[in-house]
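Values quoted throughout were computed directly from the atomic coordinates according to the rules given, and no laboratory measurement underlies them. This structure is a prediction, so every number in the text was calculated from the model and none was measured. Quick reminder, even Gly has a Cβ in these numbers, built from the backbone with ideal geometry, and neighbours come from all protein chains shown.
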Amino acid sequence: MEFLKVARRRSLWSEIIYILLNLLLVGAVLAVVWTVKSPIFAIALVLLSKWRVLAVRPRYWSAHILSNAVDFIVSIGLVVLLYAASGAWILQVIIALLYAAWLLLLKPRAKRSLVIAQAAVALFVGTMAITIVSADWYVSLVVLAYWVIGYSTARHVVLAYEEQSHVSLLSLLWGFVVAELGWITYHWTIAYGISGSGAIQLPQVSIVVFLLGFITERAYNSYVKRGTVQVNDLILPLLLSLSVIFILVIFFNARLTAWAKERVI
């Protein structure tokens, strides 16, 4: 019984230390963002915090990096958003709190629905961050970044279903879909401004790819459960997602085009 009490105390102290270290990381990243005008140092701090990924033999590095790719995408993406929100300190604090929630509440979870939520966050935050910073990038680099985000998030979801035989194929396919959207976005970028948010804008592609990912995951869930994709399982996700996409692409794009013409005149 004494051994069990000691084990519980160690577990409690380990949990407290884990929480404090993560909060310290978030605070340090926010402090660096406020004091340094380049995101490089904050990103380097985040990467240093992931040292355990490489604390294994080199032959396991690729597997560990792949399994932690979603965490890398969200962490680096949120750092980019922190810098993009420079001048809007309230929004920066909110983003920092979201980062803390990611590290402490969502990232450690292993339940399937929460693992899928992790991939969804990475898909949205990753594409949003890339769109914000990639205006001067080569198109090939933008497409590659989108492909990495698509491949990593799809792999995260497929593994949540304990699928082993088609992980690479399905991840590659979704990676190519996201990469294609990244190529289109590079040539045709639409983003919605947010009042008092600094340089942060909400890219249309992040919303569209998030909704397409939602439809794709629901289709895959139907296939896993029933051995085939049932239309009944997709009616509501399709109606919801396609309605939002239609409104964004047709209605808002038309209004933005009209507004741009008025400004030119």
Of ALA88, ALA120, ALA42, the most mobile residue in a GNM of the chain (C-alpha springs, cutoff 10 Å) is ALA88
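Determine the sum of side-chain charges near VAL74: Lys and Arg each +1, Asp and Glu each -1, restricted to other residues whose C-beta is under 13 angstrom from that of VAL74. Can you show the working numbers first?
Details: positive: LYS50, LYS107; negative: ASP71.
Result for the local shell: +1.
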Output row, site LEU248, 7 Å Cα→C-beta label point, backbone N cut-off 11 Å, window region 122-151, residues 124, 128
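Counting only chymotrypsin sites (Phe, Trp or Tyr not before Pro) that sit in a DSSP loop (anything but H, G, I, E, B) with at most 12 other Cβ atoms within 10 Å, what is the longest stretch of the chain containing none of them? Intermediate values should be presented prior to the final figure.
Numbers: sites that count: TYR138, TRP188.
The segment 1-137 is the longest one with no such site.
So if each residue of separation counts as 0.36 nm, and I subtract the Cα-Cα distance between LYS225 and TRP13, what length gain in nm does that give?
Values: separation 212, 0.36 × 212 = 76.32 nm, distance 4.09 nm.
Length gained between LYS225 and TRP13: 72.2 nm.
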Any GluC sites (Glu not before Pro) in region 140-194 that lie in a DSSP loop and have at most 12 other Cβ atoms within 10 Å would be GLU162
Here the Kirkwood hydrodynamic radius of the chain, Cα-based and in Å, equals 20.3 Å
Between the modelled labels at ASN68 and SER168 (7 Å from Cα along Cα→Cβ) the distance in nm is 2.4 nm
